[in-house]
Amino acid sequence: MSNRFYAVCGILDIDGKILFVRHTYGPAKERILIPGGYVKEGELPSEAVKREFFEETGVTAEAESVFAVQFRTEQWIIVFKLRYIAGEPRSDGYENSEVLLLTPQEAVDRTDITNMSRAILKAYIDNIDNTLEKGDYRSITLKAGEYEIFGV
């Protein structure tokens, strides 16, 4: 089951360039944005962003830290900073029609980027290390895979 209230997206740097997709539907149709999607029921956000990146681009990446969180009354979006693991970026041919690798400044300067992605990349340019790192806290009541904490 998927939901529309909790969403994730991520900044993935591959050799100094950020991975973007060109969206094929909705308000972002034909515009570029950082990949992401909805968190499934029972799924941790860091697993959701890993899954979404693989589904949309064929790239395996892992969440390193939380870069930003956007709160709207109808939706919360966690923006992760990701670490590249493997894979050659490619379009899924469904949710996106193209993948692009752009420097942060190239992306910000484009007219076809979504406003949220532009704001995220501007902040990334200004302070790339402004993140909450994944912590090593160990719960005594929860099992591994049932929780995660960033910033502690």
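The values are calculated or read from the model by the stated rules, or taken from the named source; none is laboratory data. A quick note: this is a predicted structure, and the numbers were derived from the prediction, not measured. Cβ: placed from backbone, ideal geometry, glycine included. Neighbour counts: every protein chain shown. Accessible surface areas use protein heavy atoms only, side chains included; no ligands, DNA or RNA. Shrake-Rupley method; radii C 1.70, N 1.55, O 1.52, S 1.80 Å.
Computed 3J(HN,Hα) for segment 61-69, one whole-Hz value per residue from the Karplus formula 6.51 cos²θ - 1.76 cosθ + 1.60 where θ = phi - 60°, is 9, 10, 6, 9, 7, 9, 8, 7, 9, glycine and proline marked x. Summarising the amide proton neighbourhood of Phe150: residues at separation of 5 or more, or on other chains, whose placed amide H is nearer than 5 Å comprise Gly135. A protection proxy built from the mean count of other Cβ atoms within 10 Å ranks the segments 97-110, 136-149, most packed first, as 97-110, 136-149. Sparse packing (at most 11 other Cβ atoms within 10 Å of the Cβ) combined with a DSSP loop state is found for the following GluC sites (Glu not before Pro) in segment 1-91: Glu30, Glu41, Glu74. Compared with the rule-of-thumb size 2.2 N^0.38 Å for a compact globular protein, segment 70-113 has a Cα radius of gyration ratio of 1.50.
The Rg/Rh ratio of segment 19-94, with both radii computed over alpha carbons and Rh defined as the Kirkwood radius, is 0.95.
Against the main long axis of the alpha-carbon atoms of the chain, helix 45-57 sits at an angle near 30°. The equivalent ellipsoid that matches the C-alpha gyration tensor of segment 109-152 spans semi-axes of 34, 13, 5 angstrom, in descending order. Computed from Cα atoms, the angle from the helix 115-126 axis to the main principal axis of the chain rounds to 70 degrees. The string of couplings for segment 34-39 from the Karplus curve (6.51, -1.76, 1.60, θ = phi - 60°) is 6, x, x, x, 8, 8 Hz, one whole number per residue in order, with x for Gly and Pro. In this structure segment 46-138 gives 56 Å² per residue of accessible area when probed at 1.4 Å with all protein chains present. Taking Lys and Arg as +1 and Asp and Glu as -1, the other residues whose beta-carbon sits under 10 Å from that of Ser91 total -2. Computed about its Cα centre, the charge dipole of the chain is approximately 280 debye, with only Lys, Arg, Asp and Glu carrying charge at their Cβ.
The Cα center of segment 18-47 and the Cα center of segment 103-152 differ in position by 14 Å. In units of the compact-protein estimate 2.2 N^0.38 Å, the chain shows a Cα radius of gyration of 1.01. Pairs exceeding 27 Å between alpha-carbon atoms, taken from Lys40/Lys134; Lys50/Lys122; Lys29/Lys134: Lys29/Lys134.
At 10 °C and 1.306 mPa s, grab the translational diffusion coefficient of segment 60-146 from Stokes-Einstein with a Kirkwood Rh over Cα pairs, rounded to a whole number in µm² per second. It diffuses with D of about 102 µm²/s by this estimate.
Over all Cα atoms in segment 87-132, the spread is summed up by Rg and Dmax: 12.5, 33 Å.
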